[in-house]
Amino acid sequence: MSIGIGGSTADVALARLAGNTRGAQPIGEPEYRARIAQAQAVMRTQGLSAIWAHAGTNLAYFTGTHWHPSERMVGALIPAEGPIEYLAPFFEQDTLRDYWVVDAPVRVWHEHESPYALFASRCAALNLTGPIGLSEDTPFFIADGLAKAAPDMRLLNARPVTAHCRMRKSAQEIALMQRAKSLTLEVQQAAASILREGISTTEVEAFIDRAHRQVSGGGSTFCIVLFGAASAFPHGVKDPQVLKPGDMVLIDTGCKVHDYQSDITRSYVFGPISDRQRETWNAEKTAQTAAFAAAQLGTPCGDVDRAARRSLEASGFGPAYQLPGLPHRTGHGIGLDVHEWPYLVMSDTTPLDVGMCFSNEPMICVPGEFGIRLEDHFHMTAHGPQWFTEPSHSIDDPFGLQA
């Protein structure tokens, strides 16, 4: 049995968890106001009159307002010059004020009225005559409603503004993600310790949720637990599995600390390790290392993906997306969303810049046998890439307990 795999119980593993969120500070009002100012500066270079930050992570990013998107239009109108305004249903305005960090006027509409007409009237009142950018998470029904309410208004995708701001993380954002990822790695190690023959994937998922609640105050934001041949499916299968000796184990999970995400995958074998499992695991680690080495300032994101694929092809996998091999991109950005820009995929030409944060997960899928994904994240510093979490040590000692 690999070091750290099995041998404990859920209660003992939970008792050993030492991580917590004490001292982690949420983003404060000064940073939100700086984000708005940065967005306004980018708008002016893009020729936009304003952007609409829809309820969800874009609204949260710019204003600190946590609001679940629904069939009602809620968000913030951020002009290229001057103060912002919120739009919300009349009956929700006091709740909105309770949630926001950045205060501003709230323009309201009653249930029988059109929020789209209200939006158009506010744009006219603010003399926003140029194009208006809608955050890319704005639902089509809202974009359609705005287009019909103001057919002369030019509506564009606000991604050049939202992505530009959000893909470069501040020191505080990186600190919050560091805490979240450190906690999830501790949970991953605890989950490995409770494995036993006959345990189900659903039992492990429930344990991971309990462990995340203990260390972060919230449960798992997502959790994928796969055994055996099911581990070759990157995002899982419909039915649970039961653990058997010789099974590959793949666990992919994360949590939040003050809204910022973790996302870590570990793969290892329960019981005896076959030569094929060992060789494939080592190829996966080599590809992950190659991607990290390629992630240098100014390098296009796509070149990191290419470096991982070259490594895998040298080990006999692929080429390109062919299986056995890597069927998806090498990595994704992360922040308030688990997946956000930019992406480590061949088509992404974005140059790597200070503050960008990525997963590094060039998974190897061997259909009908197993899959191996080693996923750790790194952020770009002035000196190059820096790991948030140390990668798996070896297939015999995945958590480096005896390294």
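Counting only residues that are closer than 16 Å to Leu128 by Cα and surrounded by 20 or more Cβ atoms within 10 Å (Cβ to Cβ), segment 43-57 holds 7 of them. Filtered by the rule that a residue be among the aliphatic types (A, V, I, L, M), open to solvent by less than 10 Å² (accessible area, probe 1.4 Å), over 17 Å from Pro391 (Cα atoms) and assigned to a strand (DSSP E or B), segment 227-280 gives Met248, Val257.
Filtering segment 281-302 to residues that are part of a helix (DSSP H, G or I) and touching a helix residue (DSSP H, G or I) at 6+ places or on another chain (Cβ under 6 Å) leaves Thr286, Ala287, Ala290, Ala291, Ala294. Looking at His68, is it open to solvent by 60 Å² or more (accessible area, probe 1.4 Å) and under 28 Å from the mean Cα position of the chain (by Cα)? Yes. Residues in segment 332-351 that are part of a loop (DSSP other than H, G, I, E, B) and surrounded by fewer than 22 Cβ atoms within 10 Å (Cβ to Cβ): Leu336, Asp337, Val338, His339, Val345, Met346, Ser347, Asp348, Thr349, Thr350.
Any residue at all in segment 294-301 that is of a type outside the set (Lys, Arg), open to solvent by 50 Å² or more (accessible area, probe 1.4 Å), without any contact (Cβ under 8 Å) to a residue 40 or more places away in the chain and out of contact with any Cys (no Cβ under 6 Å at 6 or more places or on another chain)? No: zero hits. Only one entry in Arg306, Arg329 is over 24 Å from Ile224 (Cβ atoms), out of contact with any Cys (no Cβ under 9 Å at 6 or more places or on another chain) and surrounded by 17 or more Cβ atoms within 10 Å (Cβ to Cβ), namely Arg306. Quick check: anything in segment 178-194 over 30 Å from Val12 (Cβ atoms) and touching a residue at least 24 places away in the same chain (Cβ under 8 Å)? For segment 178-194, residues over 30 Å from Val12 (Cβ atoms) and touching a residue at least 24 places away in the same chain (Cβ under 8 Å): absent.
Of the residues making up segment 61-89, those that are among the β-branched types (Val, Ile, Thr), assigned to a loop (DSSP other than H, G, I, E, B) and over 14 Å from Ile142 (Cα atoms) are Thr65, Ile84.
Taking segment 99-212 and the helices (runs of 4 or more DSSP H) fully enclosed by it, the elements with 3 or more residues that are surrounded by 21 or more Cβ atoms within 10 Å (Cβ to Cβ) are at 115-125, 159-166, 171-193.
The values are calculated or read from the model by the stated rules, or taken from the named source; none is laboratory data. Just so it is clear, the model here is predicted, and its values are computed rather than measured. Cβ sites come from the backbone with ideal geometry, for glycine too, and all protein chains shown count toward neighbours. Only protein heavy atoms, including side chains, enter the accessible area calculation; ligands, DNA and RNA are left aside. Shrake-Rupley method; radii C 1.70, N 1.55, O 1.52, S 1.80 Å.
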